[in-house]
Amino acid sequence: MENGVGEIRVLEKLNKYEFAVSIRIMREGLNRNQWDYQNLEKYYLSFKGQPILCAFPDGRIGDGHTMEEKVDKNGEFYYSFIGADSEKIVGTISENAEDLSLVQEDGETWLVAKGRLFAFYAKELVDYIVEKGVMEVSAETEVYESHEEPGKEVFTEWRGLAVTILGSGVAPAIPGARIEKLAAIRDEFNTVLLKAASYIANEDDPDDDEEDEEEEKSDPEDDVDDEPNNEPQQNSTERNEKALEIFRKKQLAELAPRFEGYTVLSAGQDDDGIHVCLMSNAGETAVYTMAALEDLIDPKKIVNVGAQVTFAVNGWTQSVDLDAVTDDLTAKVVSANNELDSTKTALATAEQTITSMTDKEMKRRVSAAKAKALSTLEAFNANREQKVDAKVLTKINECIDNGDFSECENAEGEWVGEEEVCNQVLAACAKEVMEMDKANSAMKNSQFIWDGISKSNKAADGGVASLLESFDIH
C-alpha cells in the first residue's frame, strides 16, 4: 500500500448482515495530493458515525450504483448495486468515540477507526474486499478555513463527512466539492441504519427473517425509494403513539443515570418492551429497547437514528433533519471540549511550574536570610573589642529553617525577610551587649570596693604618712 494512502480492511463477520472493518482514514500533514490537513486531534471525532461510501460504474467495484435483486449460489436473496453511475452507502464508521483513535506510525499521526459494512446492502463489495484483503479509501471533508503555501494547500479548520472506498485509478475527492451530494444522501443513510438495526434485532428469530424476505421480495425498492409513501408512515406512527404508555418526568430521571454519555429525551412502554429516545453528548439521536426496567444496558444495542424537527407555522408544517439543526452546534461542542482539554493540560503544566518555582524561591529565601544574619553579626562586631559570640544566631537560624521569614512580604508583595532577619540579629546583639556591660560594671564595682579596703588598711598603721595618704595628700 502506498505510503500516506488510507485503506480499509475487513476484520471479521459480526453476523449474517454485517462485517467489522478497520479503516485508516487519513493522516495529519501533507498527502500525495498536496493537501495539508492540520489540527487532526481537534477535528478527528467529526468522522464519528459518518457513512462509508463506494461506487460501481460499469460493473467495477470502487466506482457508482444501481440496485437490482439477485440470488446467490445458496439461493439467498440479496440486493446488487453493481450498476450505473453514483456512489452508494455501504457501511458506517462507528458511532462510539472510543473506536476512533490517533495512532503514530513511522513518525506520522493517523486517524484509525472501526466500522461496519452492510452485507445485506453491499454483498458483492464485502466479498470483493474479503477476497482482496485491502482497498484504498479517501476522506470526504468540508473545509472551513484554508490557505495556500508554496506547493500545497493547507486546511486548518474542517470536519469529516464520509469515507469513500476507491476503485483502481480513482483519485480522492476534492475537499468540500461534494457537500450538497453528501447532504442529499443523509436520509438514505438513516434508512440503511434503521434497516441494519431491524435485521440485527430479528437475527435470532427465523420467522421474522422469512417475513422480512417476503417484504423485500414484494417491494424491493423500499430501501432506496426517493419519495417514500408518507401516508402509511403517518398511520404507523399514530398507532405506535396510541399503544405507548409514555413515561413521566420522574421515571425519565430514574432512567437517566443508566445511559452514560446520553440524555434521555423520552421513553414509552408497549407489549414489545420499553423504548427509550436518547441524545448523545455529541448531539446524535439514538434509540434503545429494553424488555424490562431491571435489564442491564448494553451500549452496543444503542442504535443511532435520523430524528427530525417539525416546524408548524400558520397551518403549514415542514420537517428538517435534526442533523441540520445540530451539526454546527456539535462541531462547536467538540471544538470547545478539545480546547477545554488543552486548557486543562496547560493549566496543570503551569501549576507544576509554579510549584517548582515557588519551592526554589523558598529555598533561596532561606539561604539569603541565613547569609544576612551572619553578615549583620559580622558588621556589628567589626568595630568592637569585645565581640558578640556567634551563638547568638542559633535561635534565629532555627526560625529561618522553619520558614518564619520566608513569607514576610510588604504591601506590594515584595519579600522583606532579609530586613526582618537583620532587625532580629541587631536586637539579639544589643541584648548581648547589655549583658556584657552589666557584667563589666559589676566587675568594676568590685575593684573599687577592694581599692577602698586597701587604702583603709594603709591609713590604719598610725603613722603620719599613712594619715596624709588617706586624705590623698602627698
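The stretch between T317 and A256, if pulled fully straight at 0.36 nm per residue, gains 18.8 nm over its current Cα-Cα span. In region 331-449, with Lys and Arg counted as +1 and Asp and Glu as -1 at Cβ, which of these residues, L426, N337, V392, has the Cα nearest the positive end of the dipole, that is, farthest along it? So the residue we want is V392. Across all Cα pairs in region 331-449, the calculated P(r) in 5 Å bins from zero up to the longest distance comes to 2, 10, 14, 13, 11, 9, 8, 6, 6, 5, 4, 3, 2, 2, 1, 1, 1, 0, 0, 0, 0 percent per bin. Site pair L14 and N281 shows an inter-label distance of 2.2 nm when each label is modelled 7 Å from Cα along Cα→Cβ. Fully extending the segment from V154 to S441, taken as 0.36 nm per residue of separation minus the present Cα-Cα distance, adds 94.2 nm. Sorted on the mean count of surrounding Cβ atoms within 10 Å across their residues, most packed first, peptides 333-340, 44-51, 346-353 read 44-51, 333-340, 346-353.
Rounded to the nearest 20 debye, the dipole magnitude of region 331-449 is 400 debye, with +1 charges on Lys and Arg beta carbons, -1 on Asp and Glu beta carbons, and the Cα centre as origin. Between K301 and T349, the modelled labels are 4.5 nm apart [label points 7 Å from Cα along Cα→Cβ]. If I model a spin label as a point 7 Å beyond the Cα along the Cα-Cβ vector, how far apart are those points for K363 and V416 in nm? So the two model labels end up 2.8 nm from each other. Convex hull volume per residue, computed on the Cα atoms of region 300-367, equals 139 Å³.
Values in this text are rule-based calculations from the coordinates and carry no lab data. Quick caveat, the model's predicted, so the values are computed rather than measured. Neighbour counts run over all protein chains shown; Cβ positions are idealised from the backbone, glycine included.
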